[in-house]
Amino acid sequence: MSQRSALMGPALRMGGLVLALVLLVVVGVATGGERFWSTGNLITVLSLAAVTGVVSIGMTFVITSGGIDLSVGAVVGLASVWASTLATQYAAQDYGWWVIVVTALAVGLVAGLVNGALVAYGKVPAFIATLAMLAAARGLAEIIAGRRTQVIRDVEPFFDVFQSRPLGVPTIVWIFVVVAAAGWFLLNRTTFGRRTVAVGGNPEASRLAGIKIKRHTLYLYGIAGLTAGIGAVILLARTTAGSSTHGTLLELDAIAAVVVGGTLLAGGRGTITGTVLGVLIFSTLTNVFVLNNLDSSVQAIAKGAIIVVAVLLQQWFAAREKVTST
Amino acid sequence: MVDADPQPTESPAPQRAERTAQQPFLEMRGIVKEFPGARALDGVDLEVRPGEVHCLLGQNGAGKSTLIKTLAGAHQPTSGEILIDGEPVTISDPVAALRLGIATIYQELDVVDGLTVAENIYLGHELASGGVTRRAEAARNTRKLLERLGHTEITPHREVGSLSAAGKQIVSLARALSRDARVVIMDEPSAVLDSEEVGNLHRIVRELTADGVAVVYISHRLEEIRQLGDRITVLKDGRTVAESLVVADTPTDDLIKLMTGRAVEYAFPDRPGVAEDAAPVLEVEDLALGGVFSDVSLTVRAGEIVGLAGLVGSGRSEILETIYGARRATSGTVRVGGKRLRGGVDAAVAAGIGLCPEERKSQGLLLDEPVYRNITLSTFARTARAGLLDEKAERAAAREQVEALDLRPASVERHARTLSGGNQQKALLARWLVHGCRVLLLDEPTRGVDVGARAEIYTLIRRLADDGAAVIVVSSEIPEVLGLADRVLVISDGKAVHEGPAGEIDEHAVLDLVMEGSVA
Ligand SMILES: Nc1ncnc2c1ncn2[C@@H]1O[C@H](COP(=O)(O)OP(=O)(O)OP(=O)(O)O)[C@@H](O)[C@H]1O
Ligand SMILES: [Mg+2]
C-alpha cells in the first residue's frame, strides 16, 4: 500500500508534463502535418534540445540541493571559445580531436568548482557567486575571442565523431540521452544523490548527521560546470565554431526546464525525468512556432505562459497527491 | 465575520467567572479529523470552563495537537461541532480563532528567526498607524510581557534566531499573552523549559486563570499536571476515553492506564555501576567556547551515562554541540578512544559520536522525506555499496528501530512531517541507534515523549550504555538526569560547578547549585 503511494506521487506529477507534451505534439501535427511528424524533424527537435538538456541535468542537481547556478550559459560560451582557439586547434591537429573536448570540459569543470568554492567555503550566496561568474566568464570569452567567431578548421576527426549518426540518431542526441540517464542514476540510486536531496531539504540536519555539506556543495557546482562544458562541445559540433555569444540566456532556459519539470526551487526534491520532459516541452514549442513561421516574440509569450501553467498544474497534482497518498 | 464575532469584552471579569461555573466557555462535540489515509481524531469531546486549567493527556500520536489545531483554525475538522458560549461556531482560520479569543502556543516552535522578538510577538497584529509600525510602543509592550514572564534578559530588538529553543518558547508564550485571549492553549509548553522556568510558567498560568481566562494545557509530565491542573480529558487513538476528570480525585496510575491501556513501570532502569577499570571512551579537556562556557573537562567511560544538569542558557547544549564539532571550540581537546578529534561534525561522526539535537524540526529532520530516510541519514553511505544505495537494507534497519521504539504509525514510508511530535523525537533517536555509536550525546532525549515510550527510551539508553557506549544526557528535568545518569555534572553559567555520582545528590541540591551559579 505504502509502496504504491510512493510510486503514485511522482507518476501523477509527471502526468501533467506528459499531457502538456502530448498536447504540443497534437498541435504540431495539426498545424504542421508531415513537416512536424517526420523522423527528420523530430531528430532536429532533439538535436536542438541537446545543449539545454545537458545543462539542465547539471542544473537539476544544484537546484535540488537548494542552490542556483546563473553562470552556466556564460560558461558554455567561455568553454566553446577556449576549446576553439587557434592554439587548441593546433594541439588538436597534432594530438587528436579529444583535445578540444577535454579543454571544453576542463574549462566548464573549473568554472563550476570556482562557483562551488565561493558558495561552500566563501559563504557567498549562490545567486551572487554565480552571477559574478556569469559576468566574468562572458567577459573572458570576449577577450579570448576578440569578439570574433572561431571556426574550427582542419580537425575533421572532431566532426567525424560528433556529427556521426549511430543507429540513425546524431551523436549529440546520444550525449543528451547518456547524460540524462547518468543524472537519473546519480540522483536516485547513489549516496551522492541522497546527500543532494538531504542538503536541499535541511542543510543543518544534514550537517549534524555527519554529511560533509561543504565538499558536497563544491561537487554539485562542479557537476553544473561540467555539464556546461559538455554543452559547449555539443554546440561546437553543431555550429562548427566557438563564440563568446554561445549560450546566451541559456541559464534561464535551463532553470525554466528544471522548475517546470517539478524540481523544487527551494530544494529538497529533484527529478531528472521531469527536467527532461521540461526540456522537450520547450524545444517542441520552439519547433512548432518555427514551422508555422510565427514571430519569436509570440513564442516568448507562449513560453512564459507554459511556465506558469506547468507550475499551476504541478501544484494541483501535488495537492491531489496529498489526498491520495500516505 | 458573522461566525467569528468577538464576544463583548466589556463584561467585568468577576461576573464572567461566576457565570462560568455553570456554563462552559468552550465545547467540542464528536470532532473527527481525517488526514489522507489517517484518522487522527475519531470523535473527541472536550469541555472547557472559564478560569480552569484543563489538561489534555494522551500518548504520542493520540491526537492532542491535531485537536488543538482544529481549535486554533489551523485545521478544519472533518465533522463535529465547536461551541463557544453555547453558540456553534466555525473557525475557518487562525485569525477567526483569535477573534473568538482563542490563542495558541504550538508544540513546534513557530517563531520567525529573522525577525526581532517584538516583531514576532506582534506578527499578524502589528501595532501600526496608517501602515507605519509603532516600534517604540511594540518594544515597550514586549518588554512588559517579558518582564511578566521573568525574562528581562531577552530584549525586544534581539533577533529571535539567536535565541535558544527555550528562549523561542518564551517568545511564543509572550505572543499568546499579547492577545488578551479568553482561552490560551499550550501544547507541551514545558517540554523545553528548565525547572525554574516551568515555575515561572505555572505562575503565569495561575495569573491567567485568576483573571477568568481558561488554559488548555498539554503535557507528558504527570507531576506537573497534578500541580497545575483542575480537570483532565484523556485521549487515546483519536477518541476521548475520559472526559473532565477532576485532577484531585484521579490517581496517576489510573491516568496512565487510561492513556496507554496498560500499567507502566514508572521507574528508571537499574544502574549496574561502571566497572572501575572500564576504559575512558570520551575525554574532554578544558573545552571552552568563547563567551558561552569554559574549562569544561569530563571523562565518560564505556558503559557510563553522564547527566548534564543546568538552566536553559547555562551552556549545556552548547557543550554537546562543541564536543560534536558543530561549534568550533576556542580551546581544549576532545578525545574519543584516546584519539584526538580534529575537524567538524563529519570527523566526530566518523569517530562514532552521535548527537540528538535539541530542536528536532530545524536541526534534525528532513520533514518531506520518508521516515526511513530520516532514520538512515547518517548511515545510508555505510549500507551503500560503491556509492550505490541499498534502500532495502535501509528500510529493514529503520523498520527494526520503529518496532523497538514503538514508533506510531509503524510505517517507514510516511513523511516525517506527518508524525506527531513525540514520534518525530523517536525517529531521531532511531537514527543513532542504527548508527551504533560509541559516544551518544542526547539533548533532551525525552522531550515530548509520552510516559510509556519514555520508560522504553530510558531502558534503551541504559542498554546502549551496558553494551559499551559512553552517553551524555542533557535534560531540563532534574529527576530524569538524576534517575538515569551514573554521574552528574551541574553546569551553571558556562562552568561546571559540581561533579559527582548521581545517587549522592538530590533535586534540591542540584537546584541550589544551579541558582547559586546563576546569581554570581
Ligand atoms: N498532516 C498529517 N497527515 C497525516 N497524518 C497526520 C498529520 N498530522 C498528524 N497526523 C497523524 O495524526 C495522529 C495524531 O497526531 P498528533 O500530532 O495530534 O498527536 P499528539 O497527540 O499531539 O502526539 P504528541 O504527544 O507526540 O505530540 C498521528 O498518528 C499523526 O501521525
Ligand atoms: Mg503533539
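The values are calculated or read from the model by the stated rules, or taken from the named source; none is laboratory data. This one's a predicted model, so the numbers in the text were calculated from it and none came from an experiment. Here the Cβ positions follow ideal geometry from the backbone for every residue, glycine too, while neighbour counts run over all protein chains shown. Remember, those area values only see protein heavy atoms, side chains included, never the ligands or the DNA or RNA. Shrake-Rupley method; radii C 1.70, N 1.55, O 1.52, S 1.80 Å.
Please state which of the following conditions B:Leu388 fails to meet, knowing it meets all the rest: (1) open to solvent by less than 10 Å² (accessible area, probe 1.4 Å); (2) without any contact (Cβ under 8 Å) to a residue 12 or more places away in the chain.
The number of the failed condition is (1).
Can you spot a residue in the range A:236-249 that is within 22 Å of A:Phe127 (Cα to Cα), among the hydrophobic types (A, V, I, L, M, F, W, C), out of contact with any His (no Cβ under 6 Å at 6 or more places or on another chain) and modelled with pLDDT of 95 or more?
Among the residues of the range A:236-249, not one is within 22 Å of A:Phe127 (Cα to Cα), among the hydrophobic types (A, V, I, L, M, F, W, C), out of contact with any His (no Cβ under 6 Å at 6 or more places or on another chain) and modelled with pLDDT of 95 or more, which makes the answer no.
In the range B:6-22, what residues are open to solvent by 70 Å² or more (accessible area, probe 1.4 Å) and either at pLDDT 50 or above or not assigned by TED's automatic domain parsing to the domain that holds B:Val216 (or both)?
Of everything in the range B:6-22, just one residue is open to solvent by 70 Å² or more (accessible area, probe 1.4 Å) and either at pLDDT 50 or above or not assigned by TED's automatic domain parsing to the domain that holds B:Val216 (or both), namely B:Gln22.
Exactly one of (1) touching a residue at least 24 places away in the same chain (Cβ under 8 Å); (2) in a helix (DSSP H, G or I) is unmet by B:Arg447. Its number?
It is condition (2) that B:Arg447 fails.
For the condition open to solvent by less than 20 Å² (accessible area, probe 1.4 Å), in contact (Cβ under 8 Å) with a residue 40 or more places away in the chain and either closer than 18 Å to B:Gly354 by Cβ or within 13 Å of chain A (Cβ to nearest Cβ) (or both), what is the one hit in B:Ala404, B:Ala453, B:Ala470? First the steps, then the outcome.
Numbers: B:Ala404 fails: open to solvent by less than 20 Å² (accessible area, probe 1.4 Å); B:Ala453 fails: either closer than 18 Å to B:Gly354 by Cβ or within 13 Å of chain A (Cβ to nearest Cβ) (or both).
Just one listed residue meets the conditions, B:Ala470.
In this structure, does B:Val497 turn out to be in a strand (DSSP E or B), more than 16 Å from ligand 2 (Cβ to nearest atom), open to solvent by 20 Å² or more (accessible area, probe 1.4 Å) and over 25 Å from B:Leu67 (Cβ atoms)?
Taking the combined requirement at face value, the residue satisfies it.
From the list B:Thr90, B:Thr70, B:Thr78, which residue is within 16 Å of ligand 2 (Cβ to nearest atom), in contact with a strand residue (DSSP E or B) (Cβ under 8 Å, 6 or more places away or on another chain) and touching a residue at least 12 places away in the same chain (Cβ under 8 Å)?
Every option except B:Thr70 fails the conditions.
Which condition number in (1) open to solvent by 50 Å² or more (accessible area, probe 1.4 Å); (2) more than 14 Å from chain B (Cβ to nearest Cβ); (3) farther than 23 Å from A:Leu78 by Cβ is the one that A:Thr149 fails?
Every listed condition holds for A:Thr149 apart from (3).
So that you can scan it fast, the table gives a plain yes or no per residue for (1) open to solvent by 50 Å² or more (accessible area, probe 1.4 Å); (2) within 22 Å of B:Ser190 (Cα to Cα); (3) touching a Lys or Arg at 6+ places or on another chain (Cβ under 6 Å); (4) at the interface with another protein chain (Cβ under 9 Å from one of its Cβ atoms):
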residue: B:Gly290; (1), (2), (3), (4): yes, no, no, no
residue: B:Val296; (1), (2), (3), (4): no, no, no, no
residue: B:Ile305; (1), (2), (3), (4): no, no, no, no
residue: B:Val334; (1), (2), (3), (4): no, no, no, no
residue: B:Gly343; (1), (2), (3), (4): yes, no, no, no
residue: B:Ala350; (1), (2), (3), (4): yes, no, no, yes
residue: B:Gly364; (1), (2), (3), (4): no, yes, no, yes
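Might you check whether a residue that is hydroxyl-bearing (Ser, Thr, Tyr) and either more than 16 Å from ligand 2 (Cβ to nearest atom) or in a loop (DSSP other than H, G, I, E, B) (or both) occurs anywhere in the range B:55-67?
no
Residue check: is B:Glu207 more than 16 Å from ligand 1 (Cβ to nearest atom), crowded, with 21+ Cβ neighbours inside 10 Å and part of a helix (DSSP H, G or I)?
no
Got at least one residue in the range B:52-68 being over 21 Å from the mean Cα position of the chain (by Cα), among the acidic types (Asp, Glu) and surrounded by 17 or more Cβ atoms within 10 Å (Cβ to Cβ)?
For the range B:52-68, residues over 21 Å from the mean Cα position of the chain (by Cα), among the acidic types (Asp, Glu) and surrounded by 17 or more Cβ atoms within 10 Å (Cβ to Cβ): present.
Please state which of the following conditions B:Ser420 fails to meet, knowing it meets all the rest: (1) open to solvent by 10 Å² or more (accessible area, probe 1.4 Å); (2) under 30 Å from B:Leu235 (Cβ atoms); (3) more than 16 Å from ligand 2 (Cβ to nearest atom); (4) of a type in the set (Gly, Ala, Ser).
That leaves (3) as the condition not met.
Any idea which residue in the range B:148-169 is farthest from the chain's Cα centre (by Cα), counting only those that are in a helix (DSSP H, G or I) and surrounded by 19 or more Cβ atoms within 10 Å (Cβ to Cβ)?
This residue is B:Val160.
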